[in-house]
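Read the structure below first, then the notes.
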Amino acid sequence: MPDDRDRRLGHGLRCRGASHLFQPLVDRRGGGCRVRTLTSKSLARRIVISVMLGLSLILTIFGLVSSWTVDQMVQSVYRERLLLAKTIAEHVDDILLYSRGELTRTAQLLALDSTDQISADQKEILLRASHDMGTFATIALVGSNGNVIWIDPPGASMAVGMLDSPALTTALKTGATQIGELPGPTAGTGPLASVNVPVVDGTGRVSAVLSAEINPRDRTLSLIPASKVEEAASMALMNTDGRVVAGTPLDPRDVHAHRLLLSNLMSTIRPGVVIHSAWANTPGHLVAYAPVPSLPTWGVVIEQSRDVAFAASQDFQRYLLLAGVVALVTAISLAWLDARRVTRPLQTLAAVAERFAAGQLDEKVRIERADEVGVLAHAFETMRQQLKRSLDEIESYNRELAARVELRTREVENRNRQLAATNAIAATVSSSLETNAILVHALERVLDVTGLEYGNFLLARSTGNGAMGELDRIGPPLGNRQCENDCLCTKAMREAIPVLARDVRSEARATVCHEAGLKSVVAVPLHAHEHVLGVLFLGSSTERSFEQRDLDALSAIGQQIGMALANARLFEEVQAREQARVRLIEQIIAAQEGERQRIARDLHDSTGQSLSAIIMGLEAMEEIGTSDEARLTQRVERTKELARNALTDLRELVFDLRPIALDDLGLVPALRAHADRHLGERGVLVSFESRGLKERLPSRLETSLFRVLQEAVNNVAKHAYARSVSIRLLRVDKEFTAVVEDDGVGFDPTTVHRPTHPERGLGLLGIRERIEMLGGSVQVESAPGAGTKVSIHLSLSGFERGTL
Ligand SMILES: Nc1ncnc2c1ncn2[C@@H]1O[C@H](COP(=O)(O)OP(=O)(O)O)[C@@H](O)[C@H]1O
Ligand SMILES: [Mg+2]
């Protein structure tokens, strides 16, 4: 089914599979995609056929008119011949009638009686008549008995059989004028005409007959006017016997040939004209016949070859035919030329259209004409230019599109590679929680995916107060020289962005890199949340161009490693804390045991000893009794002293276990007493300050805070070698702050909780544990030689009296 578009194209179908913008019309027959070109041949043929049809019509009309004209010409030839025959016949008739008239007049002049004698007057009349008539061969006056009374020329004999001629006889008998035929005077000559006019006497009886012989061959008669005889025509006066009376002697064969026809014609005694062909396959003859009215046995025959007679019409016909053929050929040629003139440019245009359809739009349409074809060609040229423009635009758009697609593809590929690299590194770094393992494996991977040769990590050491300290290099060292403070790595660290040197020679911060033989280097910060934990340093001994997307990818990698590093550190910290917690518990248990031992020992050593001494004193007093009052008193005094010492020891023991002051007087007096006892007694100047703590805190909170601050004070006593210590307790509304600050030797807080100090840090850890359990925070600020400041911050808002 052709689609809408196909239907719009009429019966032509779009060529499926053809890739051109413009599709030629196709013929589906044969299944293939055959181009059915509307060739201009058929158009030319149609034009020629149309012209020929028109011409045929014109020629038919022309032919009909011509044939009518030819017919008219033929008819005119017939008429002419007949007229000529008639004219000659009338001429002969005129002569005969003239003769008859002359003879009649003469006969009337002759007053003849029944004698055979004529008078001189009569002779004179006859002579004049003979002279006037002149043309007669012989004129005679024949008496009623058949004798010749008078004859002129004198001595001339009457023509053969003249006297016996039926005409003469009849005239004599009937007394009526008779015109008849006479045989020729001699054998072989043509017949003669005889005019017989009766001469009546006074009584009215026919006394004689005035008879005249007329020889039509007598030139003076000029019966057949020579001028009227056309060329190649025979003209003759003939009698019914077929004998030529006068005129051009006919070909005897013709006479023979036409005899039957002539006799037929003559028998009708009417003029006529026929075409007669004597023999088959011989050219016909035109035969015209006109009888002589006064002598019907005579008639004028004009015979002419048909070809000659109709030469003019035939010539006319021939010329017409020739002219028709020439006109037809000329017209067809002109039509053909004209058709070609039309179809040539159409062919060219069709070829142009096919070129367009094939997408060839470079060649100009060169048809310079002022007619419609020229206009069409101009429109084609305009169309070609527009199509070319459109095609060029489409092509350039396609090229641009292809370039963009390629660029995009490359970007996507790069992105994929980067993603793959980042994923691989992410997988690597997340496979371990051990800092060193992470860094080693990550470095291997990074060098692997970047194709760079050198790399290491620089990790910032924490100062404990949140600031970054020195950088630890992890990985192969870079040359023998240490980096200066302001190198690329520190810059990357400070600015938290990748820092690149494509050519280290032109980078002042990269002199060490240059000396180490590197050409291109890049320092990528290791991000973890808001912090930069260190730098990934990468280098190549050849010059490498890092594009922005490479830097982006490296940034992402740096972030991955940074996060992994932070996680690992967190994990290590948690692990260390866990270990510390275990150690703390063990220590607490051990401390408890030790405390018990100490108490047992103290009780045994001091209180037990004192009680034993007191018992021994009392026993001694019992022995002394009242006998020796002085000794007794002394003993009593000594036993009292022992008992007092024992009480003091006991009190101290109890105080150490839990200061009674804490329960009785509260946190501030208890802590002050503890500081005085442990620090003051050692010569450390204690400055104690408390504000906003008149009101007692919840009992368990007081205990926890006392234990925490007791540890801080103990640490000063144990480790600080301080000259003075400042203890400040401050409560503002619900906020509680406590600071224990000494000017002692100080220490590095970052190393305290590390596994390298397994035995240390449990006191500080205990402080942190307790405070964090209460929802507060602890800050330990210290550095070797710079004293130590332990700050505790706690919100009291959650604690109501008695809840703890
Ligand atoms: N005020 C201080 N002055 C100097 N060093 C201190 C001070 N407080 C703590 N330290 C150091 O921190 C370490 C850890 O203290 P701590 O956790 O209380 O454990 P311990 O007191 O059992 O050693 C101590 O060993 C000491 O080196
Ligand atoms: Mg301690």
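The values are calculated or read from the model by the stated rules, or taken from the named source; none is laboratory data. All of these numbers come straight from a predicted model, not from anything done at the bench. Virtual Cβ from ideal backbone geometry, glycine too; neighbours counted across all protein chains shown. Heads up: the accessible areas ignore ligands, DNA and RNA and are worked out on the full protein's heavy atoms, side chains in. Shrake-Rupley method; radii C 1.70, N 1.55, O 1.52, S 1.80 Å.
Couple of notes before you dig in:
- A single member of Leu391, Leu443, Leu458 is part of a helix (DSSP H, G or I) and crowded, with 16+ Cβ neighbours inside 10 Å, and it is Leu443.
- The residue pairs whose first member lies in segment 706-730 and is touching a residue at least 12 places away in the same chain (Cβ under 8 Å) and hydroxyl-bearing (Ser, Thr, Tyr), whose second member is assigned to a loop (DSSP other than H, G, I, E, B) and more than 9 Å from ligand 1 (Cβ to nearest atom), and whose beta carbons are closer than 8 Å, counting only pairs six or more residues apart or on different chains, are Ser724/Val684; Ser724/Asp743.
- Residues within segment 494-517 that are open to solvent by less than 30 Å² (accessible area, probe 1.4 Å) and assigned to a helix (DSSP H, G or I), tallied: 4
- Candidates Leu632, Leu665, Leu647, Leu685 - the one that is touching a residue at least 24 places away in the same chain (Cβ under 8 Å) and among the aliphatic types (A, V, I, L, M): Leu685
- Taking the conditions (1) of a type in the set (A, V, I, L, M); (2) crowded, with 17+ Cβ neighbours inside 10 Å; (3) away from ligand 2 (no atom under 16 Å from the Cβ); (4) not in a helix (DSSP H, G or I) in turn, Val668 satisfies each one other than (4).
- All positions within segment 764-795 that are near ligand 1 (Cβ under 9 Å from one of its atoms) and in a helix (DSSP H, G or I): Leu764, Leu765, Gly766, Ile767
- Test for Leu685: is it in contact with a strand residue (DSSP E or B) (Cβ under 9 Å, 6 or more places away or on another chain) and either under 20 Å from Met773 (Cβ atoms) or away from ligand 1 (no atom under 16 Å from the Cβ) (or both): no
- Scanning segment 272-318 for residues that are in contact with a Ser or Thr (Cβ under 7 Å, 6 or more places away or on another chain) and among the hydroxyl-bearing types (Ser, Thr, Tyr) gives a single hit, Thr297.
Yes/no per residue for (1) without any contact (Cβ under 8 Å) to a residue 40 or more places away in the chain; (2) farther than 22 Å from Phe457 by Cα; (3) acidic (Asp, Glu):
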residue	(1), (2), (3)
Glu395	yes, yes, yes
Ala403	yes, yes, no
Arg408	yes, yes, no
Glu411	no, yes, yes
Gln418	no, no, no
Thr428	yes, no, no
Thr435	no, no, no
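- Given (1) free of Cβ contacts under 8 Å to residues at least 60 places away in the same chain; (2) farther than 19 Å from Ala673 by Cα; (3) more than 16 Å from ligand 1 (Cβ to nearest atom), number of the condition Thr751 does not satisfy: (3)
- For Ser520, the conditions (1) open to solvent by less than 20 Å² (accessible area, probe 1.4 Å); (2) more than 49 Å from the chain's Cα centre (by Cα); (3) within 19 Å of Leu439 (Cα to Cα) all hold with the exception of (3).
- Scan of segment 696-740 for residues that are outside any helix (DSSP H, G or I) and near ligand 1 (Cβ under 9 Å from one of its atoms), ordered by number: Tyr721, Ala722, Val725, Val740
- Of all residues in segment 650-665, those being crowded, with 18+ Cβ neighbours inside 10 Å, out of contact with any Phe, Trp or Tyr (no Cβ under 6 Å at 6 or more places or on another chain) and not in a loop (DSSP other than H, G, I, E, B) number 1.
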